[in-house]
1. I'd like the full set of residues that are aliphatic (A, V, I, L, M) and part of a helix (DSSP H, G or I), limited to the stretch 195-245.
2. Please verify whether L242 is open to solvent by 40 Å² or more (accessible area, probe 1.4 Å) and touching a strand residue (DSSP E or B) at 6+ places or on another chain (Cβ under 9 Å), treating the condition exactly as stated.
3. If E33 meets every condition in (1) modelled with pLDDT under 80; (2) open to solvent by 50 Å² or more (accessible area, probe 1.4 Å); (3) more than 21 Å from the chain's Cα centre (by Cα) apart from one, which number is that one?
4. Taking the stated definitions as given, is F189 touching a Gly at 6+ places or on another chain (Cβ under 8 Å) and either open to solvent by less than 10 Å² (accessible area, probe 1.4 Å) or free of Cβ contacts under 8 Å to residues at least 60 places away in the same chain (or both)?
5. Among the residues of the stretch 193-214, what is the count of those that are closer than 16 Å to K236 by Cβ and surrounded by 15 or more Cβ atoms within 10 Å (Cβ to Cβ)?
6. Being open to solvent by less than 30 Å² (accessible area, probe 1.4 Å) and in contact with a strand residue (DSSP E or B) (Cβ under 6 Å, 6 or more places away or on another chain) is the filter here, so list the residues in the stretch 131-151 that pass it.
7. Considering only the stretch 70-185, give the strands (runs of 3 or more DSSP E) lying wholly within it that have at least 3 residues that are touching a residue at least 60 places away in the same chain (Cβ under 8 Å) and over 24 Å from Q40 (Cα atoms).
8. Spot the failing condition for R224; the list is (1) surrounded by fewer than 17 Cβ atoms within 10 Å (Cβ to Cβ); (2) without any contact (Cβ under 8 Å) to a residue 24 or more places away in the chain; (3) over 19 Å from F63 (Cα atoms), and only one is missed.
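The values are calculated or read from the model by the stated rules, or taken from the named source; none is laboratory data. What you see is a predicted model, and the numbers here were worked out from it, not measured in a lab. All Cβ positions, even for glycine, are placed from backbone atoms using ideal geometry, and neighbour counts span all protein chains on display. To get the accessible areas, we keep the full protein, side chains included, count just its heavy atoms, and leave off ligands, DNA and RNA. Shrake-Rupley method; radii C 1.70, N 1.55, O 1.52, S 1.80 Å.
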Amino acid sequence: TANRPLHCATPSEMAVQADRVMALEEWEERWNEGRIGFHQPHVHRMLDSNLDKILCGRQQVRFFFPLCGKAVDMKWLADMGHVIVGVEFSEKGIKQFFEEHGLQYKEEPVPAVPEAKVFKSSDGKISIYQCDLYKFSSAIEGRFGAVWDRGSLVAINPCDRQKYATLMKSLMDKDCRYLLDTLEYNPEFYKGPPFLVTEEAVQALYGEDCDIELLQAVDALEERHKAWGIDSLLEKVYLLTLKPN
């Protein structure tokens, strides 16, 4: 029910997840075994309903997708004329994205990151870098006019959040509009990932450099989440914009 009181995590509860670490290989394993419950086969409803707030009438916006997986949102935005750059560790996930959409692509090395590859659609609208996210930088693709962060901040190891936020802010152009999707639940019942990200955490990570607006908060509990042992799940979407210098 929509009016059920939702759990507010205390600092000691948040500490439950503080040391939880997922190795990149564990994510690779999930892709290889098809354990990708985080993938959504449809355009994310909160991206769809808040798209006008990201675009603000702009055309051909360059979107950054951190830890993009094979998100169908990328194709949806590219079909509108926007340019997409994603970063994903799993080569399998990247190839599935292009294959499932029937998109021809080419694979190229990335001189700035020796072990990385970039997969580019033949029309040049979508580029997905296969590498460790923290090896990516604005030196590779410049800065972006928009960010769609769904399943990324909630997926990274909690101990890496400061490093992550620093990277994300460095990728934002001055007019960038960053849509951030978070999840709130009782972490004593589920260790993650996806991890709990509270409003306080968002403020602590981004508040100094960005104006933060909560756009939407919805009850997101589905049957599959009950297997995690939780009985409430709140999904929030924030809009982040850089404060003027």
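1. A201, V202, A204, L205, listed by residue number.
2. On the way: open to solvent by 40 Å² or more (accessible area, probe 1.4 Å): yes; touching a strand residue (DSSP E or B) at 6+ places or on another chain (Cβ under 9 Å): yes.
It is true that L242 is open to solvent by 40 Å² or more (accessible area, probe 1.4 Å) and touching a strand residue (DSSP E or B) at 6+ places or on another chain (Cβ under 9 Å).
3. Answer for E33: the failing condition is (1).
4. yes
5. Count: 12.
6. L133, F136, F144, G145, A146, V147, W148, D149
7. 172-184
8. Tallying (1) surrounded by fewer than 17 Cβ atoms within 10 Å (Cβ to Cβ); (2) without any contact (Cβ under 8 Å) to a residue 24 or more places away in the chain; (3) over 19 Å from F63 (Cα atoms), R224 fails exactly one: (2).
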